[in-house]
Amino acid sequence: MEVKQSLFHLANLGIKEGQTIVQQRRIRLLNVITLISLGLSLFFLIIDFFLGVYYQAFMNLGAIVFVAIPVLYLNHIGKNSFARIYFLAMSLCFINSASYVTISQLRDTDTENILIGFSALIIVLYDNPKKQIFFSITALSLIALKTIKHEVMGWAFDGDFALLLINLLASFICIYIFTGAFKSDLLATLEVLQSYNQQLEKQQEENSKQKEALTANKHLLRSMIDHVPLFLAMVDHEGKYLIVNARYEHAFGLPVDEIEGKHYKELLPNHLLEVHQPLIEKCMQGEDAEFSEFNTLPSGESFYAFGKYKPVKDQHGKVTAFVVYVADITQLKNAEHELKQMNTTKNKLLSIVSHDLKSPIRSLQGLLSIAHSISPDEFQQITGKIEKQVRAVSFTMDNLLSWVKSQLEGFKLNISNVNISDIVTNCTDLYTEDIDAKGIRLINNLDTTVKVKADPDHLKLIIRNILSNSIKFTSGGTITISSRRLDGEMEIVIEDTGIGMSKEKIKELLLPHLHTSEQGTGGEQGTGLGLALCVDMLALIGGRLDIISSAGNGTSVHIYLPEDE
């Protein structure tokens, strides 16, 4: 009796509630076949050992250790799909190996023919496409083994051999078709039996006592509504909860059993009750009531909610209860907010482009219209101003294009060892006229030998943006550029004596999004993109940025970059 119970337990390893009948049948079939294989392998192990066929005995031992036991264990821990793949793969290996050894020993035992029966097992255990793959491998394995056998045995590859291969293919085709048809009929029968079983259970429930039927139905209903990503409840005409899902338990900190039977006024906090009482009253009068609001629950959870009260009426149209559901639409609200931000950014970029391009274009139009009536000196003076405008627009367009490219496809890096002094010198040369025009004294204290690991184009854009901001917010003061070595990195400092900024403004500027640009001391305009680009680019090349400033006391921007190794 104990042996029978043990075998029954082993045959049902891995079978759990919630699995379909087909899944359970396949798991049980695999367990049974594995147990049979285990018994046969053990039997032949003993026989082969006493007959002195030690290699075959070793193969049988390997089948027990490396196939049967692992398959049972995999089913036991719930890895049912992997157990089937493992069983078929390892069984194919052992059958092919055993057949090859027998053939190489010139023993005509037809061990390879086991693959014919094995192919039927594949059809039962698998559906397409795995069924087709394993079935094809099995068929090809048998054909290969037959070919090797003819070669080793010295048999002629004549018409009989061709007929043998045709018969094998015909056998496999018949097995595939007939076993597949039988499997389909069996599955259809199982579905019918499952349908009959469900009908029988339903009939038994209807014949049970009313309380037992209600409890069973509530259990079935709860198993469904607890997996719905909504707050879902039904309330009777007296205002007491008939059923609620698990979301209520998490939100209100009470077990479902305690919530059911309570009046909604005992559960809902006052700030929710004030809003929802009129909606409930409207629903009890037979009308649907919708709401959309930001909620904070007793659990501390806050979210944007959309919900609806739906009346439940009897056959006479009288409201006997109502259903309420509440959905968390926080993600939708966040997406809406992001969409608005993107639209604002788009409008701002269009405004920047249209505004910054108009000025030099209009200047060029004006110059062309009066070019014939002005002197060469006046022409040279006007073109100098236009050149300055075009240079500013070019820098703006560089920032805009870099920002748009980063939003569409991200930054592409070309990291190399860069001489920071060369980069800074290149950038300061671009702003010589602006520096002179605003009476700024530029002090360059950089070590000319310092190199950092960075993308030269990105680093140039970073230095240009920070230097441009220093010039923009400084008049008649000093801009000092210096560097120093830290632990494994290089610090570049661009410090000015300009108007400075508040701590709140610094926090805003270090956020990775488009900022509101302020007018410079000389009326200069900006895009608000510069520092956002700097933060993003520095993060990509392993650097960072820090700003030290206060209103009226200048600004010190610290750039930290990996030092050249």
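The values are calculated or read from the model by the stated rules, or taken from the named source; none is laboratory data. Computed from a prediction, not measured in an experiment: that's the story for all the values here. All Cβ positions, glycine included, derive from the backbone under ideal geometry; neighbour counts span all protein chains shown. Note: accessible area is taken over every heavy atom of the protein model, side chains too, but ligands, DNA and RNA are not part of it. Shrake-Rupley method; radii C 1.70, N 1.55, O 1.52, S 1.80 Å.
Residue by residue, here is whether (1) at pLDDT 85 or above; (2) touching a Cys at 6+ places or on another chain (Cβ under 9 Å); (3) closer than 14 Å to Leu230 by Cβ; (4) assigned to a loop (DSSP other than H, G, I, E, B) holds:
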| position | (1), (2), (3), (4) |
| --- | --- |
| Asn295 | no, no, yes, no |
| Pro311 | yes, yes, no, no |
| Thr320 | yes, no, no, no |
| Ala327 | yes, no, yes, no |
| Lys333 | no, no, no, no |
Please determine whether any residue of segment 193-215 is exposed (fewer than 10 other Cβ atoms within 10 Å of the Cβ), touching a helix residue (DSSP H, G or I) at 6+ places or on another chain (Cβ under 8 Å) and part of a helix (DSSP H, G or I). yes
Over segment 142-162, the set of residues open to solvent by less than 60 Å² (accessible area, probe 1.4 Å) and touching a Lys or Arg at 6+ places or on another chain (Cβ under 9 Å) is Phe161
Candidates Glu274, Glu260 - the one that is open to solvent by 20 Å² or more (accessible area, probe 1.4 Å) and either under 22 Å from Pro229 (Cβ atoms) or small (Gly, Ala, Ser) (or both): Glu260
Give just the number: which of (1) surrounded by 11 or more Cβ atoms within 10 Å (Cβ to Cβ); (2) without any contact (Cβ under 8 Å) to a residue 60 or more places away in the chain; (3) within 40 Å of the chain's Cα centre (by Cα) does Glu112 not satisfy? (3)
Report, by residue number, each residue of segment 82-117 that is under 18 Å from Ile137 (Cβ atoms) and either touching a Pro at 6+ places or on another chain (Cβ under 6 Å) or among the charged types (D, E, K, R) (or both). Arg84, Glu112
Write out, first by first residue and then by second, each pair whose Cβ atoms fall under 9 Å of each other, whose residues are 6+ apart or on separate chains, and whose first residue, in segment 48-67, is on the phi < 0 side of the Ramachandran plot while the second is acidic (Asp, Glu). Tyr54/Asp48; Tyr55/Asp48; Gln56/Asp48; Ala57/Asp48; Phe58/Asp48; Met59/Asp48; Asn60/Asp48
Give just the number: which of (1) touching a residue at least 24 places away in the same chain (Cβ under 8 Å); (2) open to solvent by less than 40 Å² (accessible area, probe 1.4 Å); (3) among the small types (Gly, Ala, Ser) does Ser171 not satisfy? (2)
In the set Asn465, Asn426, Asn399, which member is under 27 Å from Ser556 (Cβ atoms), surrounded by fewer than 20 Cβ atoms within 10 Å (Cβ to Cβ), out of contact with any Pro (no Cβ under 6 Å at 6 or more places or on another chain) and at pLDDT below 85? Asn426
Given Tyr304, Tyr309, which one is surrounded by 12 or more Cβ atoms within 10 Å (Cβ to Cβ), free of Cβ contacts under 8 Å to residues at least 40 places away in the same chain and under 14 Å from Tyr325 (Cβ atoms)? Tyr309
Which of the residues belonging to segment 277-292 are under 23 Å from Ile225 (Cα atoms) and either touching a Lys or Arg at 6+ places or on another chain (Cβ under 6 Å) or not in a helix (DSSP H, G or I) (or both)? Asp288, Ala289, Glu290, Phe291, Ser292
